[in-house]
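Report on one structure; see the data block that follows.
The values are calculated or read from the model by the stated rules, or taken from the named source; none is laboratory data. Quantities reported herein were computed from a predicted structural model and do not represent experimental measurements. Because the Cβ atoms are built from the backbone with ideal geometry, glycine has one as well, and the counts that use them run over all protein chains shown. SASA here: full protein model, heavy atoms, side chains in, ligands and nucleic acids out. Shrake-Rupley method; radii C 1.70, N 1.55, O 1.52, S 1.80 Å.
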Amino acid sequence: MNKSILNKSVLLIKSHYETLLYVLAIVFMALALFMPTIQLKQKVHNYLLVADVSQSMNAEDEKINNQAASRLEYTRYLMKNIVKTSPCGTYFSIGIFASDNVALLLNPLEVCKNLDVITDSIDHLEWRMAWKGNSRLSFGVRAAANVFDSLNVPAQMLFFTDGDEAPRVNVTIQQDLSGIQIGKNLAFIGVGSTTKVGVPRFNSNNKRVGYWPISENNNSGAVSVTYSDPSQDEPDPPVAFAEYDRFLSQLEDEYLKKLSGDINASYVKGADTPEFYEFIQGQKPAASFVSDYKIRWLFLCLGLLTLLATYIPNLISLNYIANRFKH
């Protein structure tokens, strides 16, 4: 009895083969239309890109496509490459460092849906964003910890800087960073050359007027100025008249390595190389989130395969006829 029912079922399916496949195709298309996502727990990368915008970052000791570029230009270049090579589902926020503080400019945005917004924000990073002319990186690390708290979501901070402080913090006022807990989520990206170079000076209209001179304001670190707003520099500020009178700056990689060690962070020299981008993409995911996973493509593929399957009997018949003719 069971065998008879089975045989009848097989015959019924054979006789209505195409109809069943068309019905399945319609079902898959309907699912693609009305159920395009499912909830899945995924590991998510969330990067906070921080750019040092102090004026030593205007020093031109990097290259982009064999053309001289400033440290800040190179920072923007690396940031954009990181963004463009990141897979969908990666989140980016953007901040800047100046004086002793870090300011958040852009809250976390998903890269594929907001690529233009993220890259445009990076393109507009410049020295005139700084609210003060001095630069105290060790103080900025503590401020970075506060920015992490304000994000309300776990993140990996990539801090692009030349490490050149102005003025250099001495032992008497050095920050105690032993309580900083963001080390595992922080990577310093060194920008610049270890060879000392002059630092270009710009006026309030962002016009280059010469090089920063050696003075009592910047004799112990990166360019430091006495006014509170660097965008309000006088139209014709003093500059170095001779090469020997220029203030010189370099990538302070040893200082950045020490600072990284103090807070258990990591350090890498920023470079337009596969190894550098592999280091960035190899950072541990910030967290695991339950997020929507698009499966419309799966149902569309199943629907297409089901439609193609309706031609299988015809192909079998053609193959049978071809073999008969051969014999």
Original post:
Does segment 314-325 include one or more residues that are exposed (fewer than 10 other Cβ atoms within 10 Å of the Cβ), basic (K, R) and modelled with pLDDT under 80?
Top reply: yes
Original post:
Given the conditions (1) within 24 Å of E254 (Cβ to Cβ); (2) modelled with pLDDT of 70 or more, which single one is not true for V223?
Top reply: (2)
Subject >> Unique match (being surrounded by fewer than 14 Cβ atoms within 10 Å (Cβ to Cβ) and modelled with pLDDT of 90 or more) among K43, K3, K84 >> reply: K84
Subject >> Residues of segment 155-200 that turn out to be surrounded by fewer than 15 Cβ atoms within 10 Å (Cβ to Cβ) and at pLDDT below 85, as a count >> reply: 9
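With respect to D100, determine if the residue is modelled with pLDDT under 90 and of a type in the set (D, E). Show your work before the answer.
Details: modelled with pLDDT under 90: yes; of a type in the set (D, E): yes.
Taking the combined requirement at face value, the residue satisfies it.
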Original post:
If we scan segment 286-304, do we find a residue that is touching a Phe, Trp or Tyr at 6+ places or on another chain (Cβ under 9 Å), open to solvent by 90 Å² or more (accessible area, probe 1.4 Å) and either within 30 Å of A187 (Cα to Cα) or modelled with pLDDT of 80 or more (or both)?
Top reply: yes
